[in-house]
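*Asks:* Structure in structure tokens, see below.
The values are calculated or read from the model by the stated rules, or taken from the named source; none is laboratory data. Keep in mind the model is a prediction, meaning the values are calculated, not measured. We place every Cβ from the backbone using ideal geometry, glycine too, and count neighbours over all the protein chains shown.
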Amino acid sequence: MRFARSLVLLLGFAFLYGPILILAAMSFNASKLVTVWGGFSTKWYVALLDDAATLNAAKISLSVAALSAAIATLLGLAAAVALARFGGFRTRGLFFGAVHAPLVLPEVVLGLALLSAFVAFGFERGFVTLVIAHATFTMCFTSVVLLAALRGLDPSQEEAAMDLGATPMRAFALVVLPAIAPSLASAFLLAFTLSLDDLVIASFTTGPGATTLPMRIYSQVRLGVTPEVNAISTLLLAFVGIILAISALALNRPARDLA
Amino acid sequence: MPLLSVEHASKRFGAVVALDDVSLTVDSGEFFALLGPSGCGKTTLMRLVAGFETPDSGRVTLAGQDLAGAPPHRRPVNMMFQSYALFPHLNVFDNIAFGLRRQGASRVAIQSRVAELLDIVQMQNLGARRIEQLSGGQRQRVALARALAPGPSLLLLDEPLAALDRKLREEMQFQLKDIQRRLKTSFVIVTHDQDEALALADRIAVMRAGKIEQIGSPPEIYERPASRFVAGFVGATNMIEGFVARDDGGWFVAPFGRLKRADCALRDGARAALSLRPEQIVVARDGEGVPGVVEDIAFRGETTQLRIGVAARQALRVSCTNGNRFSLGEPVRLMIAPDAGVLFAEAE
């Protein structure tokens, strides 16, 4: 019985993570052929350093992710404050829906809509439009995280700060922001990883000269899977994994402190 | 001139009337209690004074100044919250210093003022502690110190002792009273606990359903309740339904017998209710008085509570200091003085 349970668990994990493990293992393959193991080697990682196009794509991806995540966190905070604190204003339901719609909107539709908008307004597509697009579609995630944080906060804390002479703005800065700081960090990192991983929306909204890493990987794979692509994918995976771990730690810490 | 004056204040939340034409005054240096069951509007009234709610009509003045339009951070009133609302990211010192920093006090002034407050609430040397390291009683005292720090002319306390266990609560009652007397600051406390209100306050306003039922000193409220609600809410009482008979003086006709009344303004035959405190009934083995049977005995230390059956399905609660002389099922006599208790007309 115990054996059977362990087996099921193992199969489940194999189903979920097997492909990723194979990808990571193959990135250390000395052989040029993805199907044949030719011994352990890190030469594909070294080769990456000489691949200027891929390095440039990585740089663009990281810059877009950092910038759009910062914008999305600020906008998400503003939306969450409006939803949590302004009571039942008349268009609250509409606003709530509008903020959170991209959560369930098909990425293709959102990408196409953004593209149409940029074309209609005559925007030159490239880095800036990429940042705008990513901020738009990650903002709903940051707003969800921050709304939950604000709702979990005792409103009398803010009232106490005002009662003690702080203006509403200062009360927010001195009491609310420190209280939701872990959630702010978590929201930023969530938006960062979402932007880093995105292929669909980036394909619609970027232009020549601003190719992101997922786009670069995808275009290379069309010419055949190479160990070099495996290597860059493994790095991307490790990076996202680290960020998610940091985010989880940031969110868990206050909970442990209270216990 | 009173320090705080609330005049004809009304407040509705949608269809719910939280305050209905409430007026009261609080004098300088007074310990005032707002007492009532939950949902009676006492917390709304307090939040009105603090500036977190605005009255639909009526006005609030502090030292003669109309507070209308003044936001909470510009009112010389501080509040101690029921949840304490301490700032978890700041230590004890910084929590208490919060209001002082907003006033722009100098570093030295803040240091000495916080030390003084830590002394008042008996938390010396605990300034560096984090809030989560404090016990419930210590948190309560930090919240009190923080609210007192800016030197408010009026301190509002929202159920300040509700979260403490019984023993600590009684101890803190004395401390609170002591601190208030020393600082000569006006305290307005909101509570649903009548013992707390009676023990602490110079004057009590008993509230029900958004209205003030009675304002008076604790003995006035307890001995001369203005309504049946006040009589029932503050302290234990026997509420006896009956009617008035005016033949040969005043009588109250209860289901279990006629009781002589010293003074009675009600007309003959009027339906009325007599509120009798358990300690206003004298129980004896024999003599004149209402016959009854001991149904239950509860020993409470300094007093003993007896339940005396006086008629079919009617029992009176009697409190006496030597109740353990009696035994269950024993026939007794109840003496009720003509001036004991308060008679209410049925009209309410």
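*Asks:* From the list B:182, B:146, B:141, B:169, pick out the single residue that is basic (Lys, Arg), closer than 21 Å to residue B:123 by Cα, away from chain A (no Cβ under 14 Å) and buried (at least 20 other Cβ atoms within 10 Å of the Cβ). Outline the logic, then answer.
*Replies:* Working: B:182 fails: buried (at least 20 other Cβ atoms within 10 Å of the Cβ); B:146 fails: away from chain A (no Cβ under 14 Å); B:169 fails: buried (at least 20 other Cβ atoms within 10 Å of the Cβ).
Matching residue, one of B:182, B:146, B:141, B:169: B:141.
*Asks:* Here are some conditions: (1) in the same structural domain as residue A:212 (by TED's automatic domain parsing); (2) buried (at least 17 other Cβ atoms within 10 Å of the Cβ); (3) of a type outside the set (Ser, Thr, Tyr). Residue A:53 meets all but one. Which one does it not meet?
*Replies:* For residue A:53, the failing item is (2).
*Asks:* Just for helices (runs of 4 or more DSSP H) wholly inside the stretch A:147-259: which have at least 3 residues that are within 11 Å of another protein chain (Cβ to nearest Cβ) and of a type outside the set (Gly, Ala, Ser)? Show your work before the answer.
*Replies:* Details: elements: A:155-163, A:168-171, A:177-197, A:200-205, A:213-221, A:227-258.
Qualifying helices (runs of 4 or more DSSP H): A:155-163, A:168-171, A:177-197, A:227-258.
*Asks:* Separate question: Can you work out which of the residues in the stretch B:76-85 that are in a loop (DSSP other than H, G, I, E, B) and facing chain A (nearest Cβ under 8 Å) is farthest from the chain's Cα centre (by Cα)?
*Replies:* From the stretch B:76-85, those in a loop (DSSP other than H, G, I, E, B) are B:76, B:81-85; that's our starting set.
Among the residues that remain, those that are also facing chain A (nearest Cβ under 8 Å) are: B:81-83, B:85.
Details: B:81: 17, B:82: 16, B:83: 19, B:85: 23 Å.
Step by step, filter the stretch B:76-85, then rank; the result is B:85.
*Asks:* Next up: For the list (1) within 14 Å of chain A (Cβ to nearest Cβ); (2) closer than 22 Å to residue B:206 by Cβ; (3) not small (Gly, Ala, Ser), I need the number of the one condition that residue B:35 fails.
*Replies:* Residue B:35 satisfies all of (1) within 14 Å of chain A (Cβ to nearest Cβ); (2) closer than 22 Å to residue B:206 by Cβ; (3) not small (Gly, Ala, Ser) except (1).
*Asks:* Could you please find all residues in the stretch B:224-268 being among the charged types (D, E, K, R) and in contact (Cβ under 8 Å) with a residue 12 or more places away in the chain?
*Replies:* First, pick out the residues of the stretch B:224-268 that are among the charged types (D, E, K, R): B:224, B:228, B:241, B:246-248, B:258, B:260-261, B:263, B:267-268.
Selection gives B:224, B:228, B:241, B:246, B:247, B:258, B:260, B:261, B:263, B:267, B:268.
*Asks:* Which of (1) modelled with pLDDT of 85 or more; (2) part of a loop (DSSP other than H, G, I, E, B) is the odd one out, the single condition residue B:317 does not satisfy?
*Replies:* Only one criterion in (1) modelled with pLDDT of 85 or more; (2) part of a loop (DSSP other than H, G, I, E, B) is unmet by residue B:317, namely (2).
*Asks:* Return yes when residue A:211 is among the hydroxyl-bearing types (Ser, Thr, Tyr) and within 23 Å of residue A:122 (Cβ to Cβ) and no when it is not. Explain how you work it out, then say what you get.
*Replies:* Details: among the hydroxyl-bearing types (Ser, Thr, Tyr): yes; within 23 Å of residue A:122 (Cβ to Cβ): yes.
Considered against the rule, which asks whether it is among the hydroxyl-bearing types (Ser, Thr, Tyr) and within 23 Å of residue A:122 (Cβ to Cβ), residue A:211 comes out as yes.
*Asks:* What pairs can you find where one residue is in the stretch A:104-128 and outside the structural domain of residue A:139 (by TED's automatic domain parsing), the other is part of a helix (DSSP H, G or I) and of a type in the set (Phe, Trp, Tyr), and their Cβ atoms are less than 7 Å apart, with a gap of 6+ or different chains?
*Replies:* none
*Asks:* Quick one: is residue B:46 out of contact with any Gly (no Cβ under 8 Å at 6 or more places or on another chain), surrounded by 23 or more Cβ atoms within 10 Å (Cβ to Cβ) and closer than 28 Å to residue A:152 by Cβ? Spell out how you get there, then give the answer.
*Replies:* Details: out of contact with any Gly (no Cβ under 8 Å at 6 or more places or on another chain): yes; surrounded by 23 or more Cβ atoms within 10 Å (Cβ to Cβ): no; closer than 28 Å to residue A:152 by Cβ: yes.
No; evaluated as a whole, the condition is false for this residue.
*Asks:* Okay, next question. Given the conditions (1) farther than 26 Å from residue B:46 by Cβ; (2) assigned to a loop (DSSP other than H, G, I, E, B); (3) among the aliphatic types (A, V, I, L, M); (4) within 14 Å of chain A (Cβ to nearest Cβ), and given that residue B:163 satisfies all but one, which numbered condition is not satisfied?
*Replies:* (1)
*Asks:* Enumerate the strands (runs of 3 or more DSSP E) found wholly within the stretch B:249-296, keeping only those where 1 or more residues are more than 31 Å from the chain's Cα centre (by Cα).
*Replies:* Numbers: elements: B:250-254, B:257-261, B:271-276, B:281-284.
Those strands (runs of 3 or more DSSP E) span B:250-254, B:257-261, B:281-284.
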